[in-house]
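Since the structure comes first, as structure tokens, the remarks are kept for the end.
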């Protein structure tokens with residue numbers, strides 16, 4: 001299954017930020033790779049978890065923060081029996097650009113636009129002030145009193161500047177994210193192959209040969225770290241690509257099916273209809289019609305739920 005975070009998208013269309021403060025409950029799409037509009041600041045406060053962003057795995061501990069583009073597939077997996085606490089802010093740079101010096105804007109966007117996200121760690125003595133920034137944004141978003149949007153923007157800019165300072169300080173002190181364990185290292189290799197070769201009819205044996213590991217072992221590692229089978233993760237890449245081709249090109253359906261490695265037109269159409277709720281041709285036609293206005297375009301970007309079962313190929 002691959003999910004667009006509908007709620008985040010809707011709020012970012014209508015508002016400055018989407019803030020989740022000190023959340024412990026599991027989000028509806030937490031078990032699946034997902035994506036959304038805007039940028040994300042993910043602040044991990046307690047517990048232990050693994051976070052996959054693109055082709056990188058981060059092992060999280062209290063005080064860790066990840067910043068990244070929302071349109072990169074990402075997936076968080078809490079360590080079993082670990083009570084995780086996190087605060088999250090989703091935002092658009094367009095809402096705060098006028099409050100930032102152009103040089104600062106450029107530095108921040110380089111960090112947030114990194115292909116696999118950027119890691120920042122807050123020391124214990126810094127955590128209280130960082131949490132207070134999240135708290136203020138959450139309170140202003142909840143109460144909506146006079147000037148709330150201005151305060152939210154100012155608090156967000158303050159947080160962004162603190163992040164930039166901290167990151168530059170970490171670089172000067174040569175502080176890097178914690179080293180990955182053996183299984184995580186193997187999964188990073190698997191992710192890289194999947195991202196490079198998802199358009200091929202890639203068999204499990206071929207994947208195992210590419211990473212020089214036993215096929216049963218890579219299945220175990222991938223499931224253990226991500227909570228998904230390799231097949232479940234691979235479908236996210238294939239369906240995402242098919243949507244992109246349907247939206248941005250005039251290629252025939254049979255060509256798209258072949259290019260994303262799904263197979264023939266019948267199989268592709270069946271899977272697309274089953275998980276998107278409409279045939280590929282209808283999706284394309286609707287996208288052209290609704291894409292004429294901004295709201296329709298944003299809505300279309302939010303259409304989908306996916307999974308794929310194929311015994312012969314991943």
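Between residue 81 and residue 131, what FRET efficiency comes out of the Förster formula 1/(1 + (r/R0)^6) with R0 = 30 Å and r the beta carbon distance, rounded to 0.05?
Given R0 = 30 Å and the Cβ-Cβ separation, E is 0.80.
Based only on other Cβ atoms within 10 Å, what is the fewest-to-most ordering of 14, 258? Numbers along the way, then the final one.
Working: 14 8, 258 17.
Ranking 14, 258 by Cβ neighbours within 10 Å, fewest first, gives 14, 258.
Subtracting the Cα-Cα distance of residue 200 and residue 174 from their residue separation scaled by 0.36 nm leaves 5.4 nm. A convex hull fitted to the Cα coordinates of the stretch 3-172 yields 111 cubic angstrom per residue.
Could you tell me whether the chain comes out rounded, prolate or oblate from its Cα gyration tensor? Rule is a ≥ b ≥ c as square roots of the eigenvalues, rounded for a/c under 1.5, then prolate if a/b exceeds b/c, otherwise oblate. Here the chain falls in the oblate category. Spin-label model, residue 151 to residue 98: label points 7 Å out along the Cα-to-beta-carbon direction sit 2.1 nm apart. Springs between Cα atoms under 10 Å define the GNM used for the chain, and in it the highest mean-square fluctuation of 48, 266, 208 occurs at 266.
Classify the stretch 182-301 as rounded, prolate or oblate, taking a ≥ b ≥ c as the square roots of the eigenvalues of its Cα gyration tensor: rounded when a/c is under 1.5, otherwise prolate if a/b is larger than b/c and oblate if not. Prolate, since a/c reaches 1.5 and a/b exceeds b/c.
Identify which of 166, 236, 116 has the largest mean-square fluctuation in a Gaussian network model of the chain, with springs joining Cα atoms closer than 10 Å. For the chain, modelled as a Gaussian network with Cα springs under 10 Å, the answer is 166. With each label modelled as a point 7 angstrom along the Cα→C-beta vector, the residue 144-residue 248 pair spans 3.6 nm.
The slack in the chain from residue 105 to residue 224, taken as 0.36 nm per residue of separation less the alpha-carbon distance, amounts to 39.0 nm. Highest mobility in the GNM of the chain, judged by mean-square fluctuation with C-alpha springs under 10 Å and restricted to 61, 94, 46, is found for 94. Spin-label pair residue 214-residue 124: with each label point 7 Å from Cα along the Cα-Cβ axis, the two points sit 4.2 nm from one another. In this structure, residue 161 and residue 14 have a Cβ-Cβ separation that, at R0 = 25 Å, corresponds to a calculated FRET efficiency of about 0.45.
Mean residue ellipticity, 222 nm, helices only, the chain: the sum of -39500 (n - 2.57) across DSSP H runs of n ≥ 4, divided by residue count and rounded to 500, is -16000 deg cm²/dmol.
Shape class for the stretch 170-251: oblate, because the ratio a/c of the largest to smallest gyration tensor axis (alpha-carbon atoms, square roots of eigenvalues) is 1.5 or more and b/c is at least a/b.
Read-outs: derived from the displayed coordinates by stated rules, not from any lab. Values in this document were obtained by computation on a predicted structure and should not be read as measured data. As a convention, Cβ positions derive from the backbone with ideal geometry for all residues, glycine included, and neighbour counts pool all protein chains shown.
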